[in-house]
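I have placed the structure first, in the form of structure tokens, so that the comments after it can refer back to it.
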Amino acid sequence: MQRKVIAGIVMAVFLLSVIAAGLLARNSTPLASSDTRGDIGLINIGGMITTGGSQSSILGEVTSGSGDINRQIREAADNPNLKAVILRFNSPGGTVAGTQEISREIDKLKKTGKVVVASMGDVAASGAYWLAARCDKIVANPGTMTGSIGVIMSTQNMEGLYEKLGIEPITLKKGKYKDMGSAAREMTEEEKAILQSMIDDDYNHFVQAVAEGRDMSVARVRELATGRVFNGSQAKEVGLVDQMGNFYDAVDLTAKLAGIKGDPSVVNMEQEKSWLELIGNVKLDSLKDSGLQHMLQAYPAAWLIYSPAWGAEVLYEG
């Protein structure tokens, strides 16, 4: 009995240590203020960018849903005390639609007259860079994975494997293209052309967004929009980044641009999450409309994402 009690105490201490460590990691970005009377609003965009709600764990953001991010942007825009906003990125990108939804709100935020600065951490690539490019200025570390301007859609033809395994897929459909991209058969040239036209359209939107945001010609952006990734130093050389620096440097630049005197106070626009939500790895009130449901769909979709593990943009499919 005594051993069980001791074991229970040890387990409880361990769990509390994990939760505390996670909370410290999540709050590692320094804040000079914890209320809405700050000078600068901080919005974190981490993990995969999707539509719907965000999902978080004690280790950080799993997804950044446009619903949650846009709510924070709107609250910052409506707060008369805030003179500027910093978007802190640590994301490889995500879905086209999720990126576009957040991009529109960033544009609206800038129209209020508030300064908007992007601070990029480990990675701000593809969809995340699209959003950073819409900001007034971009601050990155020399080693920040940056750029990857491009769009990708991927699927697999597993027809040969099915034959070897003796599996015979049966598809019932109404509509010629309803199973377009199915792994059960080879894609026709006509279907490839249809999907490629969608990719081309999304790519053009991406290029245009970067050209407008960075005040660059479309021709110049197309030269850089090969899907390749740059580090922060290289990105600055080609005009994709304005300044080298960490989060503190981004705060200093933001304060200068916004005309803030003295040490600026920074307020995190994210709502506090309960320990149960954090340790459970799910934001309880957003599971239903989470963008993760899109990842579970087998139908191919266009993504704005960079994966260092592959060294190129990839599509995650369920």
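The values are calculated or read from the model by the stated rules, or taken from the named source; none is laboratory data. In this text the structure is predicted, and so the values were computed from the model without any measurement. Heads up, the Cβs are rebuilt from the backbone with ideal geometry, glycines too, and the neighbour counts pull from every protein chain shown.
No other residue among Leu195, Leu257 is under 30 Å from Gly143 (Cα atoms) and part of a helix (DSSP H, G or I) apart from Leu257. Scanning segment 120-170 for residues that are touching a Gly at 6+ places or on another chain (Cβ under 8 Å) and of a type in the set (Ser, Thr, Tyr) yields Ser126, Tyr129, Thr144, Thr146, Ser148, Thr155.
Among the residues of segment 211-254, the ones that are polar (S, T, N, Q), within 12 Å of Lys137 (Cβ to Cβ) and surrounded by fewer than 18 Cβ atoms within 10 Å (Cβ to Cβ) come to 1 in all. Val117 falls short on exactly one of the conditions (1) of a type outside the set (D, E, K, R); (2) closer than 24 Å to Gln208 by Cβ; (3) part of a helix (DSSP H, G or I), and that condition is (3). Assuming Asn90 fulfils every condition listed in (1) under 26 Å from Thr226 (Cβ atoms); (2) surrounded by 24 or more Cβ atoms within 10 Å (Cβ to Cβ); (3) not small (Gly, Ala, Ser) apart from one, which condition is it? Every listed condition holds for Asn90 apart from (2). What is the residue count in segment 224-244 for residues that are in a helix (DSSP H, G or I) and at positive phi? Total meeting the criteria: 0. For segment 134-146, state whether one or more residues are among the hydroxyl-bearing types (Ser, Thr, Tyr), out of contact with any Phe, Trp or Tyr (no Cβ under 6 Å at 6 or more places or on another chain) and assigned to a loop (DSSP other than H, G, I, E, B). Yes, some residue in segment 134-146 is among the hydroxyl-bearing types (Ser, Thr, Tyr), out of contact with any Phe, Trp or Tyr (no Cβ under 6 Å at 6 or more places or on another chain) and assigned to a loop (DSSP other than H, G, I, E, B). Taking strands (runs of 3 or more DSSP E) as the structural unit, those lying wholly within segment 1-105 and holding at least 2 residues that are within 25 Å of Ala124 (Cα to Cα) and modelled with pLDDT of 70 or more correspond to 40-50, 60-65, 84-95.
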